[in-house]
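Okay, so here's the structure we're looking at.
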């Protein structure tokens with residue numbers, strides 16, 4: 001006899017579509033058939049109600065976002081999405097939540113040909129844990145430790161609108177309804193840069209996705225690559241809503257705001273045209289924002305060459321996101 | 001700057017040991033190098049405090065159990081453990097909990113050569129989600145849909161002591177302290193039958209691990225294989241503590257008690273010696289307990305051939321586990 005929590009699996013069970021999924025939902029394990037000459041990229045993210053999303057979050061957008069943040073990890077490795085598992089704790093079985101949640105999740109999954117192959121459902125405080133699988137030709141993944149001195153630093157898309165939306169919700173900044181709604185789209189429905197990540201194979205050196213804020217995330221690349229960096233603060237591409245804010249807010253939210261899920265990557269200077277072509281081919285704007293240097297640490301400079309103090313100056317009137 | 005929750009990752013981060021792990025913890029994704037000619041078996045389980053374990057559960061045993069239930073899923077497919085991810089929500093960063101939890105987890109992982117390659121940590125109600133990866137030669141996984149009419153039905157080890165411990169904790173049965181402690185070992189520190197599962201490749205047809213109770217779990221094999229089954233109730237191997245209980249309790253807990261994490265599998269009758277050899281080679285007792293039949297449904301018979309009514313008779317004085 002099926003329990004309520006077995007029943008909810010029905011919202012997520014569909015016939016397998018991919019040939020490299022030998023077994024999907026319904027056995028003790030799913031079975032993936034790896035592609036010869038490829039490596040499997042794996043990432044896991046856990047989203048908790050009250051911490052990563054509001055209790056009244058729109059379930060369709062939440063379904064999208066849960067998978068998007070995992071797809072973004074694949075993008076940062078240059079990996080092509082294959083499949084994912086979903087483990088879900090829910091306080092109750094509520095079709096009015098489950099139907100749109102699975103709708104948002106599977107719509108994004110279908111767009112990336114990424115198949116739901118298994119998981120778990122249980123009663124408990126709402127918690128969504130997705131583990132995602134992608135493939136990348138052996139040795140060609142974009143790694144955090146691959147930045148080289150002299151590389152250009154690039155970011156995709158625009159930065160800071162997700163953080164601006166958070167400021168709007170928190171009342172840190174006055175935002176009109178339309179601006180908040182537009183910025184909030186970036187927060188609730190991020191676009192994982194999967195096509196760009198794949199297009200950057202063989203072109204970019206290091207890459208990471210920007211989930212915690214550019215300054216913090218690029219620090220992982222610098223540390224793992226044993227290098228430093230200089231960012232041109234005015235080269236950073238502000239989100240369209242953030243662009244209308246004052247300079248301190250723009251700079252702070254672009255450098256320290258999380259949740260944009262853009263890519264930050266490095267590439268040798270002779271690859272500039274190739275990077276621009278990869279951006280064009282994947283329909284993603286790419287902006288050159290700095291350079292990898294030998295001296296350790298991150299320096300952010302304004303157009304005069306003055307190094308900004310990331311800890312004080314314009315940044316101290318906002319709490320960290 | 002590392003947050004508290006970045007710091008806890010240190011309890012779980014060790015240098016990679018396996019050659020087929022091209023990247024472990026520390027990048028956007030882990031990278032696995034699949035073995036040529038093999039399929040990747042994947043399973044995900046989410047354990048929630050208050051539902052799957054008590055808030056005061058011994059963290060060392062809990063670390064063991066979280067991985068054991070996932071290893072058991074690999075065992076049921078005949079897959080060899082390779083790696084796993086751990087996503088962890090915790091209400092607080094408490095080294096007195098984290099150190100023994102990671103100790104129990106990694107001790108079992110090391111015993112199976114199964115490497116922790118990534119995951120996530122966050123603040124939230126305690127929730128442990130492990131996704132595990134194993135490898136199995138292509139087409140040789142033990143599937144739930146592979147039982148054939150005439151197959152023998154076997155179970156590994158013994159059944160019911162985990163359920164007996166639950167009855168002791170709940171006060172459903174009077175159990176002396178020693179009996180409870182012994183039975184509770186089966187509940188808190190199940191032994192995944194990984195070596196047996198691997199040894200049964202090419203010998204067994206269908207397999208499943210017994211997490212919810214034999215009667216319920218074998219029903220998955222019957223349904224997916226389009227067959228029925230007859231179990232000899234007195235052939236079922238009772239756990240040593242359960243063996244001292246009365247007949248109705250023995251029967252009920254062996255058929256309906258969960259959490260033993262033994263394997264139930266089917267194999268053609270000419271394979272009886274091979275099954276016994278696989279058991280001996282893996283140090284696991286195996287017991288023949290019934291037969292797959294064409295008539296749909298599960299029949300449980302006593303030595304007189306009388307079919308037991310699973311819904312009433314001896315079963316109605318216990319609530320379902």
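The table that follows gives values for the structure above.
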| item | result |
| --- | --- |
| Value of relative contact order over chain B, rounded to a whole percent, pairs C-alpha under 8 Å and six or more apart | 22 percent |
| For residue A:280, label point 7 Å along C-beta direction: distances to other copies, nm | 7.2 |
| Highest average packing first - A:173-182, A:235-244, Cβ atoms within 10 Å | A:235-244, A:173-182 |
| Within a Gaussian network of chain A (alpha carbon springs, distance under 10 Å), most fluctuating of A:59, A:15, A:296 | A:15 |
| Partner chain coverage, peptide B:87-99 - average Cβ within 10 angstrom | 2 |
| Label-point separation, residue A:294 to residue A:232 (7 Å along Cα→Cβ), nm | 2.3 nm |
| Length added when fully stretched, residue B:189-residue B:36, from 0.36 nm per residue minus Cα-Cα | 51.7 nm |
| Shape call, chain B: gyration tensor on alpha carbons, a/c limit 1.5 | oblate |
| Relative contact order %, the stretch B:144-301, counting alpha carbon pairs below 8 Å whose residues are six or more apart | 46 percent |
| Antiparallel DSSP beta bridges within the protein assembly as shown, as percent of all bridges there, nearest 5 | 75 percent |
| Mean separation of Cα contacts under 8 Å (6+ apart) over length of the stretch B:84-144, as relative contact order % | 58 percent |
| Percent of beta bridges antiparallel (DSSP, the stretch B:144-301, rounded to nearest 5) | 75 percent |
| Copy-to-copy label separations for residue B:10, where each label sits 7 Å from Cα toward Cβ, in nm and ascending | 5.0 |
| Within 10 Å of each Cβ in B:45-52, the average number of Cβ atoms from other chains | 5 |
| Least to most buried among A:49, B:172 (fewest other Cβ within 10 Å first) | B:172, A:49 |
| Cα Rg, Dmax (largest Cα-Cα span) when computed across the stretch A:4-137, Å | 14.4, 45 |
| Separation of alpha-carbon centers, the stretch B:146-189 and the stretch B:108-143, rounded to whole Å | 24 Å |
| Pairwise FRET efficiency - residue B:281 versus residue A:302, Cβ, R0 = 56 Å, nearest 0.05 | 0.20 |
| Average beta carbon contacts from partner chains per residue of A:131-137, 10 Å cutoff | 4 |
| Cα gyration tensor, the stretch B:185-296 - rounded (a/c under 1.5), prolate or oblate | oblate |
| Choice from B:18, B:288, B:251 with maximal GNM fluctuation in chain B (Cα, 10 Å cutoff) | B:18 |
| Other copies of residue A:55: label-to-label distances in nm, shortest first, labels 7 Å along the beta-carbon direction | 1.8 |
| Bridge type composition, chain B - antiparallel percent by DSSP, nearest 5 | 70 percent |
| Whether the protein assembly as shown is rounded, prolate or oblate, judged on the alpha carbon gyration tensor where a/c under 1.5 counts as rounded | prolate |
| Scattering profile of the stretch B:171-246 at q = 0.12, 0.13, 0.16 Å⁻¹ [log10 I(q)/I(0), Debye over alpha-carbon scatterers] | -0.50, -0.58, -0.83 |
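Here, each number is a calculation from the coordinates, and none is a lab measurement. Keep in mind the model is a prediction, meaning the values are calculated, not measured. Ideal geometry is used to build each Cβ from the backbone, glycine not excepted, and the neighbour counts take in all protein chains shown.
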